[in-house]
Amino acid sequence: QVPLVESGGGLVQPGGSLRLGCTASGGIFSYSEMGWYRQAPGKQRELVATMSRLGMTNYGDSVKGRFTISKDNVKNMLYLQMNSLRPEDTAVYYCKGTTGAYDYWGQGTQVTVSS
């Protein structure tokens, strides 16, 4: 069973919004921290946002004020609400879960911002 599965990617126009979801099959409390990362073609994977088990958040500078990370402990879901999207937000977005001993990654979901 794949521990983390992303959903919600797609094509959106500049200025638009998308919400990504990440299903944690092993339970969201399995992870001390969960987060979103992204990788654009030819670039290194970068931090988008993270959230600790207690709910503390951290955002990459390029998304502060536009993206919001949240979680639903009952549904075992991690979310990323993305507003005011820009072409430079185009990337594959990955969900990551950290147990302390291991990092788990989802397969990624493509987000394309283009008119």
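The values are calculated or read from the model by the stated rules, or taken from the named source; none is laboratory data. The shown structure was predicted, so the numbers you read here are calculated from the model rather than taken from an experiment. Cβ atoms come from the backbone with ideal geometry, glycine included; neighbour counts cover every protein chain shown. Surface areas here come from the heavy atoms of the whole protein model, side chains and all, with no ligands, DNA or RNA. Shrake-Rupley method; radii C 1.70, N 1.55, O 1.52, S 1.80 Å.
Odds and ends about this structure:
- Those strands (runs of 3 or more DSSP E) of region 4-44 in which at least 3 residues are under 19 Å from Gly60 (Cα atoms), out of contact with any helix residue (DSSP H, G or I) (no Cβ under 7 Å at 6 or more places or on another chain) and modelled with pLDDT of 95 or more, considering only elements entirely within it, cover 18-24, 33-39.
- Residues in region 51-76 that are open to solvent by 30 Å² or more (accessible area, probe 1.4 Å), among the aliphatic types (A, V, I, L, M) and modelled with pLDDT of 95 or more: Met56 alone.
- A search for C-beta distances below 9 Å between a residue of region 93-115 that is within 19 Å of Gln44 (Cα to Cα) and of a type in the set (S, T, N, Q) and any residue that is at pLDDT 95 or above and open to solvent by 80 Å² or more (accessible area, probe 1.4 Å), counting only pairs 6+ apart in sequence or on different chains, returns Gln110/Leu11; Thr112/Leu11.
- Residues satisfying the stated conditions in region 26-41, i.e. under 16 Å from the mean Cα position of the chain (by Cα) and either open to solvent by 50 Å² or more (accessible area, probe 1.4 Å) or among the hydroxyl-bearing types (Ser, Thr, Tyr) (or both): Tyr31, Ser32, Glu33, Tyr37, Gln39
- Those residues of region 32-53 which are out of contact with any Ser or Thr (no Cβ under 6 Å at 6 or more places or on another chain) and of a type outside the set (A, V, I, L, M, F, W, C), in sequence order: Tyr37, Arg38, Gln39, Pro41, Gly42, Lys43, Gln44, Arg45, Glu46, Thr50, Ser52
- Residues of region 45-58 satisfying the condition of being of a type in the set (Gly, Ala, Ser) and part of a loop (DSSP other than H, G, I, E, B): Gly55
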